[in-house]
1. Could you count how many residues in the stretch 13-24 are without any contact (Cβ under 8 Å) to a residue 40 or more places away in the chain and under 11 Å from Gly39 (Cα atoms)?
2. Which count do you get for residues in the stretch 7-53 that are open to solvent by 50 Å² or more (accessible area, probe 1.4 Å) and in a helix (DSSP H, G or I)?
3. Checking Gln64 against (1) modelled with pLDDT of 95 or more; (2) open to solvent by 20 Å² or more (accessible area, probe 1.4 Å), which test does it fail?
Amino acid sequence: MHHQFQVGGMSCGHCIGAVEEALQALDPQARVQVELAQGKVQVESDQPREALAAAITDAGYTVQ
């Protein structure tokens with residue numbers, strides 16, 4: 001399933017890595033694409049949207 005999130009608080013390459021790591025910890029098979037300038041995170045994963053959003057939030061970012 002394809003999920004797209006608008007994420008606040010990402011400002012650098014470290015942020016991209018943190019978001020990718022958090023999502024792949026939840027689903028190692030997930031394909032994650034982060035567009036830092038637009039604050040968008042796209043995820044291909046079988047996990048529920050709520051679980052993916054929680055992983056992003058737990059990493060210290062806000063899902064809008």
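1. Looking only at the stretch 13-24, we keep the residues that are without any contact (Cβ under 8 Å) to a residue 40 or more places away in the chain, and these are 13-14, 16-17, 20-24.
Now narrow it down to the ones that are under 11 Å from Gly39 (Cα atoms): 16.
Summing the residues that are without any contact (Cβ under 8 Å) to a residue 40 or more places away in the chain and under 11 Å from Gly39 (Cα atoms) in the stretch 13-24 gives 1.
2. Adding up the residues that qualify gives 9.
3. Among (1) modelled with pLDDT of 95 or more; (2) open to solvent by 20 Å² or more (accessible area, probe 1.4 Å), the lone unmet condition for Gln64 is (1).
The values are calculated or read from the model by the stated rules, or taken from the named source; none is laboratory data. Note that this is a predicted model, so its numbers are computed, not measured. Note that each Cβ is placed from the backbone with ideal geometry, even for glycine, and that neighbours are counted across all protein chains shown. The area values use the complete protein model at the heavy-atom level, side chains included, leaving out ligands, DNA and RNA. Shrake-Rupley method; radii C 1.70, N 1.55, O 1.52, S 1.80 Å.
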